1. Which of the three applies to segment 97-168, rounded, prolate or oblate, going by the alpha-carbon gyration tensor with a ≥ b ≥ c and a/c under 1.5 meaning rounded?
2. Which value in deg cm²/dmol, rounded to the nearest 500, describes the helix-derived mean residue ellipticity at 222 nm for the chain, given -39,500 (n - 2.57) per DSSP H run of n ≥ 4 and division by the residue count?
3. With no solvent and one point on each alpha carbon, what is the Debye value of log10 I(q)/I(0) for the chain at q = 0.12, 0.16, 0.18 Å⁻¹?
4. Straight distance only, please: which lysines reach the Cα of Lys51 with their own Cα at less than 21 Å, same-chain residues fewer than 8 apart left out?
5. Taking H as built 1.01 Å from N, whose amide H comes closer than 5 Å to the amide H of Val65, not counting residues under 5 places away?
6. When ranked by the protection proxy of mean other Cβ atoms within 10 Å per residue, highest first, what sequence do the peptides 80-93, 52-65 form?
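Each reported figure results from applying straightforward, stated rules to the coordinates on display, with no laboratory input. Being a predicted model, the structure only gives us computed values, none of them experimental. We place every Cβ from the backbone using ideal geometry, glycine too, and count neighbours over all the protein chains shown.
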Amino acid sequence: ITSGSPLAVIDHALLQDQWVEVDVTSLVTQNGPVALRFVSDSTDNIMFSSKENTNRNAPELIVDVEPSTETRETFSDVVNTHKIGPTDDATVVKGGPNKNFGREPELKIDADPGEKKSYLRFDFSRVNIASIQKATLRLFAVKSAPFGGSFMKITNNDWSEDSINWYN
């Protein structure tokens, strides 16, 4: 899975049991599946809730969409907001290159010798891409860390949380 340059960065400390919000509007450029990878230079094992976490604090994308022409004529300052959950999320671990961690309750990221990266995919097939005004990724930190990392758009969406690993 390849990616380009970072499209968003968390450049501050993460606090346990707190939501982190990142503007990822530049991620949303196409209909259908859109994926991103989260990496960090931190060696502190950054951890966020995954969609499988039972605390109900799964990752979410909050998308502000320009309302229809009729709505704008009646209410001039209205913005429609949609919450989109990930279709897939997973961690890959260099120290377990063939193992799949797609159903784990946490997404883990760090740069230790057992380097970990996490992946998220969202489906925009039901959203009018041209009407999106803003997209905010929300992640719930399950562990504190002194700093975050960066998000990169994935150019290959041919992966699933049940099969992704370090090698593929």
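1. oblate
2. Counting only the DSSP helices, I get -1000 deg cm²/dmol.
3. For the chain, the Cα-only Debye profile gives -0.53, -0.89, -1.11.
4. Lys83, Lys99, Lys108, Lys116, Lys117, Lys143, Lys153
5. Residues meeting the amide H criterion: Asn80, Thr81, His82, Gln133.
6. 80-93, 52-65
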